[in-house]
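The values are calculated or read from the model by the stated rules, or taken from the named source; none is laboratory data. The shown structure was predicted, so the numbers you read here are calculated from the model rather than taken from an experiment. With ideal geometry, Cβ positions are generated from the backbone for all residues, glycine too; neighbour counts draw on all protein chains shown.
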Amino acid sequence: MVRCRLKPVSFTCPGPVIKTVMANGTDGKVQERRWAWLSYGLVLGLWKLGSLAVNPLVLPSPEVVLACLFRLVVTPGTWELVAGTAYRALTGLVTAVGIGVLAGLVFFPLTRHIRPVVTVLQNIPVVSWILLGIIWFGFTDANVTFVVFVATLPVIYLNTVEGVAETDRDLLTMARSFRLPPLLQWYGLKLPSLGAFLTAGVSVAIAIMWKSVVMAELLTARPGIGTELGLSRTYLLTDQLLAWTLLLVVLGLTTERFWRWLVYGGMVLKVYRLGLQWLPLISRSRVPRMAGETAGTLRLVQVTKGYRQQGSDHQVLAGVTLELRPGDRVALVGPSGVGKTTLLGIMAGLTVPDQGRVDRGNRLPGLMFQEPRLLPWFTAEENIIFVLLPWLGYREARPLAQELLAKLQIPVAYFPSQLSGGMKQAVALARALSSGGNLLLLDEPFRSSDPEQRCRMIDALTTVSRAGDILVIVTHQLDEIRNLVNKTFVLDGRPARLTVTDGP
């Protein structure tokens, strides 16, 4: 067992991440606000000039409309009408978001077949949906809610599909390497990946929601803002018509601002992270976490692998044969680009060889990639808990994650964006060690680490790994792991072939 003398390191953990606004960014926002107010002033000025040039019945002055708006605001009955309109609108929108996101996730593989249908639905006029709704639902609230739902659903669905398509492929590969069930992959990777697209989609849907709800109320005569707009037109109350319109604009802007506050203010992220604790788990056997003594030998026989690039075939590995027994500790060295990572992927089962046979001896891999591949929306602690959930409950997994991070002196509450490169690598190592694998495959684990961090990582590796585990470390610095390994494999040549030495 390798031990290093470590100096205690103390961390002062900041609270939430503080967004630093540079001086030029502040100046830009101030300048933007100034231009916005100038634009509003210009519109009001043109409005005032127009009202002076025509009959007030056609275009009342801004002050008259604002006075009418004030009267509406202080009238109790106004807010009953607004509440009714908002309830119908938000019911339709929330239903569209729920069904649209679910449909986008479930039917994503069929996107190219479904997209034309969704595009057709998106181009059906709202008035057509209203008239169909009258036939199907009558002059009821259900009709208004239905109209909002069908008007906003295509936007939510299409944005969901685009978001899922942009899911980081490296993170998906990471999830496969840790054998995460579909439910965890959906919650931990796909759902947050579509966040930016869904945020934009909901913002657009909010504008569509208010426009469609007032039109539906107008034609179905349901009490609400739409009906009041119709009455104002009927009795030629132009000032009241414009006042209701301004109130509708304010409601739309307020709703959109509130949505963005929920997202960018961190509320949505807090709820999302809290959901990790209550996520229903797909039960799996705990045997793999205790399989180090019973798993067998890893064998690769005449393994060949190539890739096709720019219209030509490139062979990377040629006839690689190796045998690793329980307890073997191997250093895999060779020039950059020779195929070491490809060979590790074949051992892990993530890469299928073109020829040859792979027998893992009933072993489960715990893979540490060259890049940390941490989930940026989870803390260091949650990144480790995430891969433990198939085997343990959240409350059982948390102490294990905290214990490993304490060995590595990593603050548990830090997000990946708050960690240095070496600290991210340390978290990735902790994740691989905690995954329950008995075939530990580490791809340049110490390349971004300072000497003290490297000692902590080596100490954690020798403490946590079991006697029957097989360890393979890809490295360019053999000296730093010489005391960890008992064999050295050299991969060299084009295509690469493997040379085995008995000692480190």
Counting only residues that are in a helix (DSSP H, G or I), crowded, with 19+ Cβ neighbours inside 10 Å and not acidic (Asp, Glu), the stretch 216-246 contains a total of 15
Subset of the stretch 366-381 [under 14 Å from the mean Cα position of the chain (by Cα) and not polar (S, T, N, Q)]:
Arg373, Leu374, Leu375, Pro376, Trp377, Phe378
Any residue at all in the stretch 169-180 that's within 20 Å of Tyr272 (Cβ to Cβ) and polar (S, T, N, Q)?
no
Name the strands (runs of 3 or more DSSP E) wholly inside the stretch 309-365 in which the number of residues that are closer than 26 Å to Leu478 by Cα and of a type in the set (Gly, Ala, Ser) is 1 or more.
312-324, 329-333
Selection within the stretch 455-481 - touching a residue at least 40 places away in the same chain (Cβ under 8 Å) and either of a type outside the set (A, V, I, L, M) or not assigned by TED's automatic domain parsing to the domain that holds Leu429 (or both):
Cys455, Arg456, Asp459, Thr462, Thr463, Arg466, Gly468, Asp469, Thr475, His476
Under 6 Å between Cβ atoms, at least 6 apart or on separate chains: pull out the pairs that start in the stretch 284-307 with a residue that is among the charged types (D, E, K, R) and at pLDDT 50 or above and end on any residue that is surrounded by 15 or more Cβ atoms within 10 Å (Cβ to Cβ) and outside any loop (DSSP other than H, G, I, E, B).
Lys305/Val316; Lys305/Leu317; Lys305/Thr342
Among the candidates Val147, Val120, Val94, which residue alone is crowded, with 19+ Cβ neighbours inside 10 Å, of a type outside the set (Phe, Trp, Tyr) and assigned to a helix (DSSP H, G or I)?
Val147
Taking the condition over 26 Å from Pro192 (Cα atoms), crowded, with 22+ Cβ neighbours inside 10 Å, hydrophobic (A, V, I, L, M, F, W, C) and at pLDDT 90 or above, does Met368 pass?
no
For a quick check of your reading of the model, give me the residue pairs whose first member lies in the stretch 134-149 and is free of Cβ contacts under 8 Å to residues at least 24 places away in the same chain, whose second is surrounded by fewer than 24 Cβ atoms within 10 Å (Cβ to Cβ) and not in a helix (DSSP H, G or I), with beta-carbon atoms closer than 7 Å and at least 6 apart or on different chains.
none
Could you list, in sequence order, all residues of the stretch 166-198 that are among the aliphatic types (A, V, I, L, M) and within 26 Å of Arg260 (Cα to Cα)?
Leu189, Leu191, Leu194, Ala196, Leu198
In the set Leu441, Leu498, which member is closer than 20 Å to Ser336 by Cα and modelled with pLDDT of 85 or more?
Leu441
Quick check on Gly436: is it assigned by TED's automatic domain parsing to the domain that holds Asn362, in contact with a strand residue (DSSP E or B) (Cβ under 9 Å, 6 or more places away or on another chain) and either within 21 Å of Leu180 (Cβ to Cβ) or part of a helix (DSSP H, G or I) (or both)?
yes
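Here is a yes/no grid of residues against (1) touching a Gly at 6+ places or on another chain (Cβ under 7 Å); (2) buried (at least 18 other Cβ atoms within 10 Å of the Cβ); (3) closer than 30 Å to Gly345 by Cβ:
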{"residue": "Pro154", "(1), (2), (3)": "no, yes, no"}
{"residue": "Val161", "(1), (2), (3)": "yes, yes, yes"}
{"residue": "Ala165", "(1), (2), (3)": "no, no, yes"}
{"residue": "Arg169", "(1), (2), (3)": "no, no, yes"}
{"residue": "Leu172", "(1), (2), (3)": "no, no, yes"}
{"residue": "Pro181", "(1), (2), (3)": "no, no, yes"}
Give the residue, chosen from Glu403, Glu382, that is in the same structural domain as Pro445 (by TED's automatic domain parsing), of a type in the set (D, E, K, R) and either buried (at least 21 other Cβ atoms within 10 Å of the Cβ) or not in a helix (DSSP H, G or I) (or both).
Glu382
Test Asp479 against the criterion of being of a type in the set (D, E, K, R) and modelled with pLDDT under 90, and give yes or no.
yes
